[in-house]
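S.K.: Dropping the structure in here first, questions after.
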Amino acid sequence: YLKGFYDGVMLVGKYAGQKTADVKKAIETDLMNEGLADKYNEPEKKIISRSGDECVVALCDQWYLNYGDAEWKAEAKRALAQMNTYSDEVRRNFEGTIDWLHEHACSRSYGLGTRLPWDPQYLIESLSDSTIYNAYYTVAHLLQQGALDGSVVGPAGIKAEQLTEAVWDYVFLTAAYDASTMPVPEETLKKLRTEFQYWYPIDMRVSGKDLVQNHLTYLLFNHTAIWNDEPSKWPKSIRANGHLLLNNEKMSKSAGNFLTLTEGIEKFSADGMRLSLADAGDAVEDANFVFSMADAAILRLYNLLDWVKEMLAVREAKGFRPTGGEKTFADNVFENDMNKQIEATAVHYEGTLFKEALKTGFFEYHAIRDRYRELCGGESSNMDETLVFRWIETQALIVSPIAPHVGEQIWQLLGKEGFIVNARWPLPDLLSDVRSDRRDDES
């Protein structure tokens, strides 16, 4: 039935030869005009409002956004093609949504919102009004200064009634300045335009996977409509993620399976919580936050700090192998393993794959340290001091995006200047015979 409805071709009548999906609105109009049909709507199932009342469908006049327009769809697909979705599954979901989207009701008759300029009895429906609000973020600090009700005039000194459509055309669309339609000095508007052009386009929009079917796809359509001749203003990437399970079950207040962020931090600490959330998963599939894993994360972080302090004490007592000697096989293996894990972790962070970054940059990073200790017979006197403290320093750096407080504490224990958040990502050291040449090239 669905294939016939969307892909079928009419065989008889004045629309013969055309696709069913393309002519159904025209046939509806014909039947209405000839008095052979009337509009009728009913919900698919019983609907209960938030107040507990049973809802009844009312037929109201409505304005629609025509997402079924072929040219508009083509532009949305062009925006998708140049955008990073971080997942093939998310890209396929976008493609499917763009294909099946047709008319979307964009107005309502009551509630909060902006009135339709051409029909002020209606308000713009929220999903239609909110998909390019990211552009407003770029200038909000100059207009509002934190107040949401317009009671405070921001640093730009612009009042709400001065924000005419022409003003927004100047800020967002580089329209020419016209004092008759723009009741704001041009120098002031230039500041807003500069802020917008500096911060736009959206580098990354992060949201739930369930919004690909509506809000996030509308975002693509509406950006291509507003900046139709400026693809450079279209979103660069959208990162859609799954929902979060708690101990293998869906979170539910009524079932008691629920944890607020504040409760989680009090129970597992900030870094323990962050480590566990990263380990829970960040793909389109639902992530799973498990209490036992969070407890284990706290213990791992504690043991890391404890070992760093132990190595500092060994260095103070000059208990490492004397420096200046020839590197052992174990030293070369350890150094090479660090290089591999640092590079792999960087790739995972770039792809926002935090579970994988934690795997290579924390769990496997600890494993290569443990293997080096075993190869050295478990004795610090057989370990290379430079390599041990390179491991500690790089471990603090590569885990700090996930566990920033522990990373900062290690950084301070090492006596490093400044904060770890301002330090550069570690560059993998090559073997000694080419290391000096490589550093000269980089400098």
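S.K.: Among Ala175, Ala140, Ala70, which residue has its Cα furthest toward the positive end of the charge dipole of the chain, with +1 on Lys/Arg Cβ and -1 on Asp/Glu Cβ?
M.R.: Final value for the positive-end residue is Ala140.
S.K.: Looking only at Asp61, Asp370, Asp99, which one moves most when the chain is put into a Gaussian network model with springs between Cα atoms under 10 Å?
M.R.: Per the Cα network of the chain with a 10 Å cutoff, Asp61 tops the list.
S.K.: Another one. Gaussian network model of the chain, Cα springs within a sub-10 Å range: biggest mean-square fluctuation belongs to which of Leu299, Leu59, Leu112?
M.R.: Leu59
S.K.: Then there's this: Quick one: putting +1 on the C-beta of Lys and Arg, -1 on the C-beta of Asp and Glu, what dipole do you get for the range 193-249 around its Cα centre, in Debye to the nearest 20?
M.R.: So the dipole magnitude of the range 193-249 works out to roughly 80 debye.
S.K.: Something else about it: Which aspartates and glutamates have a Cα less than 13 Å from the Cα of Lys267, not counting those fewer than 8 places away in the same chain?
M.R.: Filter leaves Asp295.
S.K.: Okay, next question. Pick out which of Lys24, Lys159, Lys45 has the largest mean-square fluctuation in a Gaussian network model of the chain, springs linking Cα atoms closer than 10 Å.
M.R.: Judging by the Gaussian network model, the answer is Lys45.
S.K.: Show Val90, Val152 ordered by accessible area, largest first, where the area counts protein heavy atoms only and the probe is 1.4 Å.
M.R.: Greatest to least solvent exposure: Val152, Val90.
S.K.: Moving to a separate point now. Starting from 0.36 nm per residue, how many nanometres of slack lie between Glu42 and Ala81 once their C-alpha separation is accounted for?
M.R.: Taking 0.36 nm per residue and subtracting the Cα distance, the gain is 10.3 nm.
S.K.: Rounded, prolate or oblate: pick one for the range 1-147, where a ≥ b ≥ c are the square roots of the eigenvalues of its C-alpha gyration tensor, a/c under 1.5 means rounded, and failing that, prolate if a/b is larger than b/c, else oblate.
M.R.: Oblate, since a/c reaches 1.5 and b/c is not below a/b.
S.K.: Looking at the chain from every direction and averaging, what is the projected area of its Cα convex hull in nm²?
M.R.: So the Cα hull casts an average projection of 32.5 nm².
S.K.: Given a cut-off of under 8 Å on Cα pairs at least six residues apart, what relative contact order in percent is computed for the range 225-332?
M.R.: Dividing the mean separation by the residue count of the range 225-332 yields 24 percent.
S.K.: Taking the Cα centre of the range 191-345 as origin and charging only Cβ (+1 Lys, Arg; -1 Asp, Glu), how large is the dipole, in debye to the nearest 20?
M.R.: 360
S.K.: Roughly what percent of Cα-Cα pairs across the range 298-402 reach past 19 Å?
M.R.: Cα-Cα pairs in the range 298-402 separated by more than 19 Å: 44 percent.
S.K.: Suppose R0 equals 30 Å; then what is the FRET efficiency for Thr174 and Asp203 from their Cβ-Cβ distance, rounded to the nearest 0.05?
M.R.: Result of the calculation: an efficiency of 0.90.
S.K.: Quick check on my link table: of Lys318/Lys340; Lys24/Lys77; Lys209/Lys250, which ones sit more than 18 Å apart, alpha carbon to alpha carbon?
M.R.: Long pairs (Cα-Cα over 18 Å): Lys318/Lys340; Lys24/Lys77.
S.K.: Quick one: order Val308, Val206, Val290 from most to least accessible surface, probe 1.4 Å.
M.R.: Val206, Val290, Val308
S.K.: Now for a separate question. Does the range 269-354 come out rounded, prolate or oblate, given a ≥ b ≥ c as the square roots of the eigenvalues of its C-alpha gyration tensor, rounded meaning a/c under 1.5 and, failing that, prolate meaning a/b above b/c?
M.R.: Because a/c hits 1.5 or more and a/b fails to exceed b/c, the range 269-354 counts as oblate.
S.K.: Can you classify the range 212-260 as rounded, prolate or oblate using the Cα gyration tensor, where a ≥ b ≥ c are the square roots of its eigenvalues, rounded means a/c under 1.5, and otherwise it's prolate if a/b beats b/c and oblate if not?
M.R.: Prolate is the answer for the range 212-260, as a/c is 1.5 or above and a/b outweighs b/c.
S.K.: State which helices in the chain qualify, where a helix is a whole DSSP H run, it must extend 30 Å or more along its own axis by its Cα atoms, and its mean Kyte-Doolittle hydropathy must be at least 0.0.
M.R.: Those that pass (Cα extent of 30 Å or more, hydropathy at least 0.0) are 291-316.
S.K.: When the distances between all Cα atoms of the range 100-167 are binned every 5 Å from zero, what whole-number percent does each bin get?
M.R.: 3, 14, 18, 22, 20, 14, 5, 3, 1, 0
S.K.: Another question, if that's okay. Taking only DSSP H segments of four or more residues, each worth -39500 (n - 2.57), what value at 222 nm results for the chain once the sum is divided by all its residues, to the nearest 500 deg cm²/dmol?
M.R.: Dividing the helical sum by the residues of the chain leaves -15000 deg cm²/dmol.
The values are calculated or read from the model by the stated rules, or taken from the named source; none is laboratory data. As the structure is a prediction and not an experimental result, all values here were calculated from the model. So basically every Cβ, Gly included, is an ideal-geometry build from the backbone, and we count neighbours across all protein chains shown. What goes into the accessible areas is simple: the full protein's heavy atoms, side chains included, and nothing from ligands, DNA or RNA. Shrake-Rupley method; radii C 1.70, N 1.55, O 1.52, S 1.80 Å.
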